[in-house]
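Structure first, then comments.
Derivation of every value follows stated rules applied to the coordinates shown; laboratory data play no part. Here the structure is a predicted model, which is why all the values come from computation and not from measurement. Because the Cβ atoms are built from the backbone with ideal geometry, glycine has one as well, and the counts that use them run over all protein chains shown.
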Amino acid sequence: MKSLISNPADLTPNTSWLDTQWAWTGEEALIDHNTKARLCAAALLPFRDQTPDWAGFISSIRWMQSAADRFGVELVVVLNADTGYIFDLDDDLYAEVLRRFRAEFPSTKFVAGVTARGAENDTGFKAERYRPLIDIVQQHENCEVMLMTSKWLSALEPEPCRDAYYEIAEWLIRPGIVHALEPAFVPWAKPFGPWLLHQLAQHPKFVGGKISTLDEPHLLYWAAMCRDLGLDFAPHSGDDFGIATAIKLGLPLLIGAAVSGAPLICAAKDMWLSDESPQKRYPTGTGHFDTRVYKVFEAFQSLEDQVFRLDERMSASAYKHSTAHILHELGVIASPEAHPACKDLRGPDEAARMSEALRRPQRVAERLGIRF
């Protein structure tokens, strides 16, 4: 039988997850019916007549907040991430998104995505490329900074990659969240190995990390390691294709799917809790959790599988356009337009496809009294 690593002192920069016990910990061993973790919803920046629809932006956030309030879920809005077209925003519009949000929600915490600016012609990693957006975000209080991965940061070997994150962290005066992707999302992406995750999780300025996966269950790896070692670091699921796992494990979600699926996701978070949990908003009266949650899981995943469906390039990046169609269908925003510079677009039949995708979730929501 293969001997598996369980002591972090035995990790090396090149250790594979499959050589650790954390890669072989099943979901059932991590189940948590007592914790209702926060929902970090990556807000859409809607457009109308090729300009930002600020009324729709605020309306969509209030729509999500209404669902969160009803089910006792902490909603943290994620601004200027991929769903907010960070890669198509100049610094002025990036800053305006934050100002508009803070003017409307003066005391609400937000997470802001930051990435490398001006690195298009670089031939290696330069930490200072992250500084401009970090400085813009940190003009605000009650916020967290998500360090979105970038091509040259992801290209670094584990030890230089750790050093790069630590260098960026020197500029942080707000809590930081690190971010990892699988190559399924962008070809140059590289998820954290166990040594690198452990190194980042120990840094006092990093309160958590987001892991976005399609092919391998890295969220389970992260969850098993952090729980086993008692790390003060919150794994956030960025898995729009497997939303229920984070709910079952009592872990935060940090996803664009929350924009279109907020009512069902918030309901599921409460339904999954046992009656003994002090966070339970709607007890079953049986002492157990509400087993109808499994149908809610199916309902919102069936919707998001269509929103995030892969195109002929095996990319889900046009999900932003699908999300806009969902919100338009629901009457939350005035137009399903994407950012005028965004090339990740769905076809002319997208409105009909999203209307069809909403049928099952709306049926389930109606039967359970969930406003959707």
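³J(HN,Hα) across region 221-234 via Karplus (A = 6.51, B = -1.76, C = 1.60, θ = phi - 60°), whole Hz, x for Gly/Pro?
4, 4, 4, 5, 5, 5, 6, 5, 8, x, 6, 7, 7, 9
Taking R0 as 51 Å, what FRET efficiency do you get between Thr291 and Ala155 from their Cβ-Cβ distance, rounded to the nearest 0.05?
The calculated FRET efficiency here is 0.65.
Would you please name the GluC sites (Glu not before Pro) within region 97-175 that are DSSP coil residues with at most 14 other C-beta atoms within 10 Å of their C-beta?
Of the GluC sites (Glu not before Pro), the ones in loops of region 97-175 whose Cβ has at most 14 other Cβ atoms within 10 Å are Glu120, Glu141, Glu170.
With charges only on Cβ, +1 for K and R and -1 for D and E, what is the dipole size of the chain about its Cα centre, in debye, rounded to 20?
So the magnitude is around 900 debye.
Test of understanding: extend the Cα→C-beta vector of Leu4 to 7 Å, then name every residue of region 216-232 with backbone N under 15 Å from that spot.
217-229
Could you check the simple spin-label distance between Asp215 and Trp188, using points 7 Å along Cα→Cβ, in nm with one decimal?
Distance between the two pseudo-spin positions: 1.8 nm.
At each listed q (0.19, 0.25 Å⁻¹), what is the log10 of I(q)/I(0) that the Debye formula gives for region 298-372 modelled as equal alpha-carbon point scatterers?
Rounded to two decimals, the profile gives -0.78, -1.20.
From the phi of every residue in region 275-280, what ³J(HN,Hα) in whole Hz does the Karplus formula 6.51 cos²θ - 1.76 cosθ + 1.60 yield, where θ is phi - 60° and glycine or proline is x?
4, 6, 5, x, 8, 5
Within region 229-267, whose backbone N sits under 15 Å from a point 7 Å along Cα→Cβ of Tyr282?
262-267
Label-point separation (nm) for Arg131 and Asp349, each offset 7 Å from Cα along Cα-to-Cβ?
About 5.2 nm separates the two model spin labels.
Which whole-angstrom value gives the distance between the alpha carbon centres of region 240-272 and region 99-131?
25
Once you charge only the Cβ atoms, +1 for Lys and Arg and -1 for Asp and Glu, what is the size of the charge dipole of region 194-323 about its Cα centre, to the nearest 20 debye?
300
Count the DSSP beta bridges whose two residues both fall in region 32-368, then state the antiparallel fraction as a percent rounded to the nearest 5.
Antiparallel bridges: around 10 percent, rounded to the nearest 5.
Cα convex hull of region 32-368: mean projected area in nm², to one decimal?
Average projection, Cα convex hull of region 32-368: 16.3 nm².
Pull up the cross-link candidates among the lysines for Lys109, meaning alpha carbon to alpha carbon under 27 Å and not fewer than 8 places away within one chain.
Correct list for Lys109: Lys36, Lys205, Lys210, Lys248, Lys269, Lys280, Lys320.
Residues of region 224-266 with the amide nitrogen closer than 20 Å to a label point 7 Å from the Cα of Arg371, along Cα-to-Cβ, please.
Under cut-off, by backbone N: 258-266.
Kindly state, to the nearest 0.05, the FRET efficiency for Thr12 paired with Ala341, given R0 = 41 Å and r defined as their beta-carbon distance.
E(calc), rounded to 0.05, equals 0.45.
Using a Förster distance of 30 angstrom, determine the FRET efficiency expected from the C-beta separation of Ser274 and Glu104, and round it to 0.05.
0.25
So what's the gap between the Cα centers of region 170-218 and region 300-372, to the nearest angstrom?
Measuring centre to centre over Cα atoms gives 27 Å.
Determine ³J(HN,Hα), in whole Hz, for all residues of region 24-38 in sequence, where each value follows from phi through the Karplus function 6.51 cos²θ - 1.76 cosθ + 1.60 and θ = phi - 60°; x replaces Gly and Pro.
Karplus values, whole Hz, x for Gly and Pro: 10, 8, x, 4, 5, 7, 10, 4, 9, 9, 10, 10, 9, 6, 5.
What nm distance separates the two modelled labels at Asp228 and Arg309, each placed 7 Å from Cα along Cα→Cβ?
3.9
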